[in-house]
1. Extension gain A:ASP325-A:CYS227, at 0.36 nm per residue separation less the Cα-Cα distance, in nm?
2. Got the relative contact order for chain A handy, in percent, Cα pairs under 8 Å and 6 or more residues apart?
3. Kindly provide the GluC sites (Glu not before Pro) of the stretch A:210-315 that DSSP labels as loop, not H, G, I, E or B, and whose Cβ sees at most 13 other Cβ atoms within 10 Å.
4. Taking the DSSP beta bridges in the protein assembly as shown as the whole, what percent of them are antiparallel, to the nearest 5?
5. For A:ARG147 and A:GLU297 in the same chain, what is the full-extension length gain: residue separation times 0.36 nm, less their Cα-Cα distance, in nm?
6. Across the residues of B:50-61, average count of Cβ atoms on other protein chains within 10 Å?
7. With θ taken as phi - 60° and the coefficients 6.51, -1.76 and 1.60, list the Karplus ³J(HN,Hα) couplings across the stretch A:122-127 in order, rounded to whole Hz; mark glycine and proline as x.
8. GNM on chain B, C-alpha springs below 10 Å: top fluctuator among B:VAL111, B:VAL252, B:VAL126?
Amino acid sequence: MAEHDYDLPDARGHFGPYGGVFVAETLIAALDELKEAYAAAQRDPQFVAEFDDELKHYVGRPSPVYYARRWSELLGGARIYLKREDLNHTGAHKINNCIGQALLARRMRKPRVIAETGAGQHGVATATVAARYGMECVVYMGSEDIRRQAANVYRMKLLGARVVPVDSGSRTLKDALNEAMRDWVTNVSDTFYIIGTVAGPHPYPMLVRDFQSIIGRESIAQMQEQCGRQPDAVIACVGGGSNAMGIFYPYIPVTGVRLIGVEAAGEGIATGHHAASLTAGRPGVLHGNRTYLLQDENGQITETHSISAGLDYPGVGPEHAWLKDSGRAEYVSISDAEALQAFHDLCRLEGIIPALESSHALAYATRLAPTLAKDQILLVNLSGRGDKDMHTVADRSGIKF
Amino acid sequence: MTKIQAVFERLQAQGRKALIPFITAGDPDPALTVPLLHALVSAGADIIELGVPFSDPMADGPTIQRASERALAKGVSLRQVLELVKNFRVDDQQTPIVLMGYANPIESMGVGNFAGAACAAGVDGVLVVDYPPEEGIEFARILKRHDLDPIFLLAPTSSDARVLQVGALASGYLYYVSLKGVTGSAALDIAAVAARLPEIRARTGVPVGVGFGIRDAATAAAVAAIADAVVVGSRIIEEIEQSPPDQACARVLALVADIRRGMDTVMNAPGGTTWAR
């Protein structure tokens, strides 16, 4: 791919055959309004300046790039650098996008924001910005996820959000997403739907990517400054894929940098208990876009499994589908057990407790680094911190609080 | 002329409006679907919308989602839905059947395969909720090649340009969603619908059915006075949900017959009938 000819999506939101606007007619006007508002905001220096200012003073950007020296030396191969999104306010990359969309909502004079959440991270980030900007906030969450993520539910309530349990379907993220869409279609005149990942109908995959691409832009400058060159590979975990798109996007035209997305292999691809849509799925249409999906032979969406709730989603952002098909990015998968091992390694060797989502990217680095020379460099997006995962990890070790 | 067009021509000549009930195929059990379809015809249905169950029915409310879940629990697939239509056709070759569902099961089968199989099974039209016109151009072309009418949705928020765009693709009828929200939502605003329909008919030249929020004979009658067709869905699903399986057909028949009587009280009402090209 030549450096300058990546300008996706096209005007109708397509990344090759993926993406698009697959929604009922009732949502089209709202998406058109959002598309226009976003295009105008992008051209408005005041909007861009306010976004940057919020990222700096409220989120705490730029997040550092950190050389994980002990861990790299133990693995005995490439040097591993970590992009520390875990150090952001609220503890993950999700906040970058929420700030951008909340500023858009304010600009569009929508006083009410809604969101869907799985593990609760996007819900917490949305509730946070809603409090920050004085907006009403409703978060849809599967009742099964509410049970598993009690601390995040309480966090959202502390921040003033209303958390609505969703009892339909598998009672997890995809059902929460369906319910949020229904709320939006019903209350579209005063409500802004803050989607948390690079999926959904156009323009969401594009605008979430754009708001998250601060991660990659900072990385390019920081790697140049710290190493005098760019990494040989950039590694990020992929559920819906927002942290990965955020760090990949500015690197797409940078030739010679491998882009590696890591999906959740759960209990193993062969067991069927996983969430690896790009590795084991096939193209279809869900939640407003065409992309790789985990589905049965009749086109029904199947239930997924991952130890990490944030990766537990049967689809993936359409731009990842395109990057896979075009060969610009590679997609691999890491099991629950491998992710847990990397989680513990980083705790003990670097004094960093990573999110289980990010631990999938770390685990792939432990696989790749020893096969590379000592002068090679890997950059791993450490997309979030692991405090939220204490219960899950303790459970696995048979420990009760 | 397709069977759906013929229905509208016949009704227009009689000064009557089309009644289009909706049920989900396989709900509550595949064995009940064909008897329910015949009951709907006996009650006065002119066209039937048959829902294809999908795991993630984003544009539907909880009532139709539950119907989908009940059907999926019985393992009902798109292929089996086509089998049910074929079985219905043994005794009824006249009443048009419109499949209504989501894109993924159809894309999973392959759009061309689906269109061929649907035509062979005796389907007359297809409405894919998550194919708006910009994503449905090729699909509409393939359907028409198989003598199937592509049915599209229009909403109160659809711009004039979109009405034209939809009119250029659609045949059979257009489905005007009478309110913001999902299927099974609150009451609809007759005056608001009445204000919009003449312009839609004029721009598209296709009959317009109105649905979402029609729960009784009185509302159906009011809608029949201004539209070419009345679509009733969630209310019928609720009746099926609340009936013991052996009484479902009788209770649905009574409900739909009542709605039919309500509609026929507005025979020869003004408005409508300007769709004919």
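1. The span from A:ASP325 to A:CYS227 would gain 32.2 nm if fully extended.
2. Across chain A, relative contact order equals 20 percent.
3. Working: sites: A:GLU218, A:GLU225, A:GLU263, A:GLU267, A:GLU297, A:GLU303; in loops: A:GLU267, A:GLU297, A:GLU303.
Hits after loop and neighbour filter: A:GLU297.
4. Looking only at bridges with both residues in the protein assembly as shown, the antiparallel portion is about 20 percent.
5. Net length gain for the segment: 50.9 nm.
6. Details: counts 0, 0, 1, 2, 5, 15, 14, 4, 15, 9, 3, 2.
If you average over the peptide's residues, the count of other-chain Cβ atoms is 6.
7. Coupling constants for the stretch A:122-127: 5, x, 5, 5, 5, 4 Hz.
8. With Cα springs under 10 Å in chain B, the top fluctuation among B:VAL111, B:VAL252, B:VAL126 is at B:VAL111.
The values are calculated or read from the model by the stated rules, or taken from the named source; none is laboratory data. None of the values given here were measured: they were computed from a predicted structure. Because the Cβ atoms are built from the backbone with ideal geometry, glycine has one as well, and the counts that use them run over all protein chains shown. Heavy atoms of the whole protein, side chains included, go into the accessibility calculation; ligands, DNA and RNA do not. Shrake-Rupley method; radii C 1.70, N 1.55, O 1.52, S 1.80 Å.
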